[in-house]
Amino acid sequence: MTPNKITARLAALFLAAALVSACGIYSFTGTSIQPDVKSITINHFEYTAATVNPSLSNDLTEALRTQFRKMTRLEQVDLDGDLEISGKITGYDIRASAVTAGEVAAQTRLTVTISIEFTNRKYPEDDCEKSFSGYADFDSMQPLESVQDELCKQIIDKLVDDIFNATVANW
């Protein structure tokens with residue numbers, strides 16, 4: 001390729017990147033936040049599930065805040081953000097997920113269910129209420145207490161991705 005063709009292609013690439021970013025709606029992190037939306041309030045997740053995991057609510061809330069801090073330009077505020085996410089942990093269930101021929105559980109599944117309310121004060125047509133669940137399996141021979149922290153981390157990662165995509169990535 002000649003230097004002129006390389007220069008022309010680079011110029012076209014930079015122009016395309018400038019046009020995409022100039023729109024102000026799409027970002028390279030996959031978000032579609034309007035340019036006039038500046039802040040977000042992420043409320044602490046309420047825990048209403050029958051089975052109690054004392055750290056789950058705080059861990060989920062902090063993971064969601066971290067995701068928004070890393071992936072958006074939004075300022076996090078305690079009250080009245082342009083966007084607001086409120087949520088509840090509504091389920092924390094343990095069930096057999098794989099049974100052997102002798103009707104013994106070989107795998108057990110931990111499932112966490114949440115519901116969220118998303119409010120967009122600038123664009124109320126984007127408001128929504130959604131439920132999500134995430135799960136992780138573990139060997140039934142292991143006590144839940146020995147694997148619970150790692151399982152919850154995996155589940156929280158999935159739930160945070162789901163919430164992020166449903167609220168600001170429009171997926």
Consider E129 carefully, then state whether it is surrounded by fewer than 13 Cβ atoms within 10 Å (Cβ to Cβ) and within 17 Å of L56 (Cβ to Cβ). no
The number of residues in the stretch 132-167 that are closer than 26 Å to V99 by Cβ and of a type in the set (F, W, Y) is 2
If we ask which residues in the stretch 81-108 are modelled with pLDDT under 95 and among the charged types (D, E, K, R), their number turns out to be 2
Does P54 meet the test of being over 30 Å from I89 (Cα atoms), at pLDDT 55 or above and either of a type in the set (G, A, S) or surrounded by fewer than 13 Cβ atoms within 10 Å (Cβ to Cβ) (or both)? no
When every residue in the stretch 29-51 that is assigned to a strand (DSSP E or B) and without any contact (Cβ under 8 Å) to a residue 60 or more places away in the chain is compared, the one farthest from G91 (Cα to Cα) is S39
Can you tell me which residues in the stretch 52-85 are β-branched (V, I, T) and in a loop (DSSP other than H, G, I, E, B)? V52, T72, V77
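The values are calculated or read from the model by the stated rules, or taken from the named source; none is laboratory data. These numbers come from a predicted model, not from an experiment. Note that we place each Cβ from the backbone using ideal geometry, even for glycine, and neighbour counts take in every protein chain shown.
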